[in-house]
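The values are calculated or read from the model by the stated rules, or taken from the named source; none is laboratory data. Note that the coordinates shown come from a computational prediction; the quantities given were computed from them, not determined experimentally. Here the Cβ is made from the backbone with ideal geometry for all residues, glycine too, and neighbour counts use every protein chain on show. Only protein heavy atoms, including side chains, enter the accessible area calculation; ligands, DNA and RNA are left aside. Shrake-Rupley method; radii C 1.70, N 1.55, O 1.52, S 1.80 Å.
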Amino acid sequence: MYTQDHCPFCQHAKAWLEKADITFEEKNISHSQELRAWLKEQGHRTVPQLYVKDTLLVEGGYQGLAKLDENTVKQKIKEINAN
C-alpha cells in the first residue's frame, strides 16, 4: 500500500486491512522521491493506492476499498497472486 505521512485515508485503509486480517507492506511516498515518481507514472495523484504485485487492487484508494467486502478483496488478491 502506498501511503504518505498524516493521511487519514491511509490510516483508514490500514485499519480496514488489519481488521480483515489482510497483510500488507506500507510504502510511504513521503520518504521516497522514487516511490512518489512511480505512483505518478501510474497516473495517481492521491494516496492510499493499493497494489498487489504491481497490479492495482482497487480503484479509488480507501473509498474504493471500503465499498468492497473482505471476501471480495481476498478473492481479488488471490487472483492477482495466481497470475
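Things to note:
- Expressed as a whole percent, the accessible area of the chain that falls on carbon and sulfur atoms is 45 (1.4 Å probe).
- Debye, to nearest 20: dipole size of the chain, +1 on Lys, Arg Cβ, -1 on Asp, Glu Cβ: 140 debye
- Straight-line reach from LYS76: taking Cα to Cα under 22 Å and skipping same-chain neighbours fewer than 8 places apart, the lysines in range are LYS14, LYS19, LYS27, LYS53, LYS67.
- Each Cα pair under 8 Å and six or more residues apart adds its sequence gap; the mean of these over the residue count of the chain is a relative contact order of 33 percent.
- Per residue value of the accessible surface for the chain (all protein chains in place, 1.4 Å probe), Å²: 67 Å²
- The alpha-carbon of LYS74 sits under 13 angstrom from the alpha-carbons of these aspartates and glutamates, leaving out residues fewer than 8 places away in its chain: GLU18, ASP21.
- For the chain, calculated [θ]222 nm from helices alone, where every DSSP H run of n ≥ 4 adds -39500 (n - 2.57): -14000 deg cm²/dmol
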